[in-house]
1. Can you grab the distance from the C-alpha centre of the range A:90-112 to the C-alpha centre of the range A:398-428, Å, no decimals?
2. Can you give me the Kirkwood hydrodynamic radius for chain B, using every pair of distinct Cα atoms, in Å to one decimal?
3. Ignoring ligands, DNA and RNA, what accessible area per residue does the protein assembly as shown give at 1.4 Å, in Å²?
4. Points 7 angstrom from Cα along the Cβ direction at B:Ala413 and B:Arg51: gap in nanometres?
5. Once both labels are modelled 7 Å past Cα along the beta-carbon direction, what's the B:Glu69-B:Thr428 spacing in nm?
6. Please compute one quarter of the surface area of the Cα convex hull for the range B:1-157 and express it in square nanometres.
7. Excluding ligands, DNA and RNA, what is the accessible area buried between chains A and B, summed over both sides, using a 1.4 Å probe, to the nearest 100 Å²?
8. Per-residue ellipticity at 222 nm for the protein assembly as shown, helices alone: DSSP H runs ≥ 4 residues times -39500 (n - 2.57), over residue total, nearest 500 deg cm²/dmol?
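The values are calculated or read from the model by the stated rules, or taken from the named source; none is laboratory data. Note that this is a predicted model, so its numbers are computed, not measured. Neighbour counts run over all protein chains shown; Cβ positions are idealised from the backbone, glycine included. Just the protein is used for accessible areas: all its heavy atoms, side chains included, with ligands, DNA and RNA removed. Shrake-Rupley method; radii C 1.70, N 1.55, O 1.52, S 1.80 Å.
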Protein chains: 2
Amino acid sequence: MVHTPVRSLPLVDLGYSTALLTDHYELTMLQAALRSGTAGRRAVFEVFARRLPAGRRYGVVAGVGRLLEMIEQFRFGERELEFLTSRGVVDESTAQWLAGYRFSGDIHGYPEGECYFPGSPILTVEAPFGEAVLLETLVLSVLNHDSAIASAASRMVNAAGGRPLIEMGSRRTHEAAGVAAARAAYVAGFATTSNLEAGRRYGIPTAGTSAHAFTLLHDSERHAFQSQLESLGEGTTLLVDTYDVERAVRTAVELAGPRLGAVRIDSGDLAVAAGRVRALLDSLGARDTRIVVTGDLDEHGIAALAAAPADAYGVGTALVTGSGAPTAALVYKMVARADSPDPDAPLRPVAKRSVGKPTRGGRKTAVRRLDAHGVACAEVVSTGELPAGPRDRLLPVPLVRGGEVVGREPLEAARERHAAALRELPATALQLSDGEPAIPTEFIDEIVFP
Amino acid sequence: MVHTPVRSLPLVDLGYSTALLTDHYELTMLQAALRSGTAGRRAVFEVFARRLPAGRRYGVVAGVGRLLEMIEQFRFGERELEFLTSRGVVDESTAQWLAGYRFSGDIHGYPEGECYFPGSPILTVEAPFGEAVLLETLVLSVLNHDSAIASAASRMVNAAGGRPLIEMGSRRTHEAAGVAAARAAYVAGFATTSNLEAGRRYGIPTAGTSAHAFTLLHDSERHAFQSQLESLGEGTTLLVDTYDVERAVRTAVELAGPRLGAVRIDSGDLAVAAGRVRALLDSLGARDTRIVVTGDLDEHGIAALAAAPADAYGVGTALVTGSGAPTAALVYKMVARADSPDPDAPLRPVAKRSVGKPTRGGRKTAVRRLDAHGVACAEVVSTGELPAGPRDRLLPVPLVRGGEVVGREPLEAARERHAAALRELPATALQLSDGEPAIPTEFIDEIVFP
């Protein structure tokens, strides 16, 4: 084998510019605005969802931590500028402006793991237009993907009713999206992931033992189980559905003894199979051996297994494709701007007036309003700045101040926040059936005391 | 602004290891197989689709070029090994094996842009088990994502009937998936992309001019149009649906003159709006000004505009989400293996025997069988090695030989191949309605002369 040196994967900081993960038109808008003298006008862009995916009762904000890292790396180096000028995307004076670009504005937003509803001002970017417009594509890519995954994942976690979930969808999505999907699933409450890069980069616990190919590689199933047990110990999970499930379970317990960690079933009627395997394991004295079920599970499939003796679920395709809603459909819209580049010029609300795609002008904030029992009853979105009432929970937090990231936090904090946000929602929020958003969004000019 | 040095984006070669874009269980299987002495057994893994997404008539292979790059970068450097050992994923002796890992086997596969059908042996990886099993997750991630996008994109290109398509979906998918999606769409026949990194990395033409925010930034629509025309010239595309489409079109032609490049309509009933705008442009003398329509288009929306005077379509969400099929659902299954590590030991077919997930054992090849008119009539898949008939087109090509990539080609070659492969399919293949695969897949032991 030839050994060619290869650099290791970058650390958490990306180590390279993210500035070209951007749409062409952000750059042409910048150039035209620089020329017309409007690029310096202070502007407010807002990220929100016009609606939730059909039938969903809440959404989950995810990707905020990743986004903050990527905004820090959003600079135009020589190679980016060479590309942009040589291809005629921007002219020389715009390129000079880009060479000095670093986001200098403020970003507020719903912290990661928080729930959102239609019209929730999930992220608010305030900066001179030229600085803020450039971030549109990156902001949306990260939040749309990660929020779609977390929103689906959260429903699966609810459906599992406390049983642990293993994320194993990397193979069914883009190789980098798989890493982000594992992270989003963890925020939403998944226990582990199969994705090693997600383990390395984010510290998420990783899991996995063997596939059918491993059994097929060996001279017999017994040979494969022996090999796995010798290497991974009796606590491992043996895959028992390559040939005949009952025979495999008997062989597994015979070889591993009653302290075998788990068996995995990946095909067939999982409820029926889990029931039979449980009875067989018990009859063989392996009462503590767990049953892991996998194979095209989504939240509905998980819920259907509630009465089955499954101890853990593995979820792949449905997780990484957002279980029918692969994008959160968040948009990034300018909602206010100044009339001049004067930094003290007042902001005035703006909004497109077109059919079918409503936007509401004005810089917004929002609270989650709770009733006397501490249950959420409304998402109150306001263009005013008044303090909230005693049972209102202010939702946006500062993420970037004057270009400096201030919203960094451990991933565990997002995970805990999501669990807490869910507990606060009315019980209907957790229904898997199609429905309306769990709480209404109320738009007011000022947040008033309840 | 603080200027912090930042490295530019890597060149086409990734510059870092892709080895952790992998599932945990690939590594535990390797370790157990090393221990039991089976890791060196020659094995053949096959990538195939059990079925096409519901109603689809063909699939499009994409991502091959990206995959070959990533396999070259699949090595375990110090940081990867430190992670794997410190977290207990593998033991020291496995880590030593990994430190020397470089894929040494052979890979054959359908070249990029080729069409595929259920059971087509899209990729065949032949190597010692330990080397081949490690590639599973990466192979599937790349091919599943890119093929899903290209398969949807191809239908959109057909629906557009020769009118150019602009890919603009980056914001609705993971930031790195967006780059790959632009590439896959280009393979399938899209004309341009909004994604600048796709332009830089793959040389795909990029396009874009302005969004509603640009109009809202200015003191008036007239002010915005003036600003854009001064910067980008009369050949630019003006967005005309921020306020009132008719007024905007009049302003646009008044300011730009009859040689205005294009106007873009992003909302409302696109067919009705395009008809009115065409009539208005013509009445104003702007007969060569094109009309670009965007806004939640998919292949069906594009087809519905066939009679409308639209000159180009922009497609975002539907493209990057595979228009209802966000993953190609390809699997990577071991189909044959040797009984010993002896490199000359014969391969014997293997297959899981379970309900619901059929696999066919044996190393396979395939031809597309054409009728006397040169129209494809069957996908013939064989476990034999016989030469094909005179009207059979052999599908797999060598991609990697003895660990060296031999299947590198320009992206244009894939794009041309896809167009040619489509022309060869029966006309029913191009129907957008739900249907069966355009040609049947026939499994035989040997490819026989027609």
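1. 25 Å
2. Result for chain B, one decimal place: 24.1 Å.
3. Result: 35 Å² of accessible area for each residue.
4. 3.6 nm
5. Those two pseudo-labels are separated by 3.9 nm.
6. The directionally averaged projection comes out at 13.0 nm².
7. 10200 Å²
8. -10500 deg cm²/dmol
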